[in-house]
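The values are calculated or read from the model by the stated rules, or taken from the named source; none is laboratory data. Quick caveat: nothing in here was measured; it's all calculated off a predicted structure. Every residue, glycine among them, receives a Cβ derived from its backbone with ideal geometry; neighbour counts consider all protein chains shown. Heavy atoms of the whole protein, side chains included, go into the accessibility calculation; ligands, DNA and RNA do not. Shrake-Rupley method; radii C 1.70, N 1.55, O 1.52, S 1.80 Å.
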2 protein chains.
Amino acid sequence: MQIAIPLYDRFTALDAVGPYEVLARLPGAEVVWVAHEPGLVANDNGMLSMQATARFEDVPAPDVVVVPGGLGSRALLEDERLLGWLRSVHATSTWTTSVCTGSLLLAAAGILDGVPATTHWLAMDLLGQLGAVPTDERVVHQGKIVTAAGVSSGIDMGLWLAGQIAGDETACALQLTIEYDPQPPYDSGCVAKADPAMVARLRELSAASAAR
Amino acid sequence: MQIAIPLYDRFTALDAVGPYEVLARLPGAEVVWVAHEPGLVANDNGMLSMQATARFEDVPAPDVVVVPGGLGSRALLEDERLLGWLRSVHATSTWTTSVCTGSLLLAAAGILDGVPATTHWLAMDLLGQLGAVPTDERVVHQGKIVTAAGVSSGIDMGLWLAGQIAGDETACALQLTIEYDPQPPYDSGCVAKADPAMVARLRELSAASAAR
């Protein structure tokens, strides 16, 4: 089972590594990190680099695609090389998935037209503008398309996918292996639970950043 | 605030990237990935590589140290170059922390002698043999030493630390930014909740692997 994870300048590391840490442990899994060119790819704050080992074109028919999000995703909404690759691999994939603003890239490729999907809470409007049906759930699946909410939600998506691919027992064993028994010290992890003033402030910061 | 995260052959990626994704977003944070030598470092299954940008000796006084775990940690329990660096940076750190079997390295360095600490559930006995007081909590802190349980627990630790360093409001904003509102599709994330037969099987597999 080949799993392709695209990397691009200013991706968000946990978007990719969360589901990776689950899916790479599935029996027979082979993960390939693909990019415009092989080599180091820097994340959104430039303080972390991961190695891409193949060009998009080198991996024409992965079984699973996991598109991470990141600040850099918006710069690629018209990148025909990436979008064409996404369209092409989606035609034969078993699962086409995204975390966070990775879904903006699936949508820009036309894969989410009229499809219920999610993204980072700050990008929900844009996801709708790109043709998807924004859906306020942490992991949204329709057929073989699975999208997850912001950053850390990729772990939940990875476990759900593991169950679909290898069964509940294997998924439970993976959950125990990565000791995923979350105990956040705060309860501010989604818009509905966070302080509305904080939500408003982050929306303003995000809008100001996008306008620059 | 300088945050040093050591990388070593066969580290576990999520151990490092989970807390990284929180702590790197703190105001003024600078993350340095340190290793025996700068360059690519491969993870436990060899399917992911991250870039170390400095030698241990290049980073003599980080404010925060986060030691990830991984299959490779046991090969370093007598690695005086790493252990000596850990001892040295612990002398001046504000926070000395670990995720998963990263605590075995802190213990091997003598930093956890008689200190309540945790690790991956499969390594609790070894943690005790190395001088720590194994403690069955997800995040364990005593003074400036903070250890977290297996793999995914580093996100919880990162948020706890963020609260200590920058206050509850900033920590809550970070939780919302990474949309950490966990909804695991199974409830098998720790020994107490998992099927006992599965726990026993994973213990046997781990023992067989360690005996090889």
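Before moving on, here are some points about what is shown:
- Enumeration of residues in the range B:109-131 that are more than 14 Å from B:Ala149 (Cα to Cα) and in contact with a helix residue (DSSP H, G or I) (Cβ under 6 Å, 6 or more places away or on another chain): B:Ala109, B:Ile111, B:Leu112, B:Leu130, B:Gly131
- For the range B:8-45, residues that are more than 13 Å from the chain's Cα centre (by Cα), over 18 Å from B:Thr96 (Cβ atoms) and of a type outside the set (A, V, I, L, M, F, W, C) total 13.
- Test: A:Asp156 is under 18 Å from A:Gly18 (Cα atoms), of a type in the set (D, E, K, R) and either at pLDDT 95 or above or in contact with an Asp or Glu (Cβ under 6 Å, 6 or more places away or on another chain) (or both): yes
- Here A:Met198 qualifies as without any contact (Cβ under 8 Å) to a residue 60 or more places away in the chain and either touching a strand residue (DSSP E or B) at 6+ places or on another chain (Cβ under 8 Å) or facing chain B (nearest Cβ under 7 Å) (or both).
- Subset of the range B:159-187 [of a type outside the set (Val, Ile, Thr) and under 21 Å from the mean Cα position of the chain (by Cα)]: B:Leu159, B:Trp160, B:Leu161, B:Ala162, B:Gly163, B:Gln164, B:Ala166, B:Ala171, B:Leu174, B:Gln175, B:Tyr180, B:Pro182
- Pick from the range B:1-15, criterion among the hydrophobic types (A, V, I, L, M, F, W, C), at the interface with another protein chain (Cβ under 10 Å from one of its Cβ atoms) and more than 24 Å from A:Ser188 (Cβ to Cβ), ranking: surrounded by the most Cβ atoms within 10 Å (Cβ to Cβ): B:Ile5
- Evaluated against (1) of a type outside the set (D, E, K, R); (2) more than 27 Å from B:Ala171 (Cβ to Cβ); (3) open to solvent by 10 Å² or more (accessible area, probe 1.4 Å); (4) not in a strand (DSSP E or B), B:Val41 falls short on exactly one condition, (4).
- Residue in the range B:21-35 that is crowded, with 24+ Cβ neighbours inside 10 Å, outside any strand (DSSP E or B), modelled with pLDDT of 95 or more and of a type outside the set (D, E, K, R) present: yes
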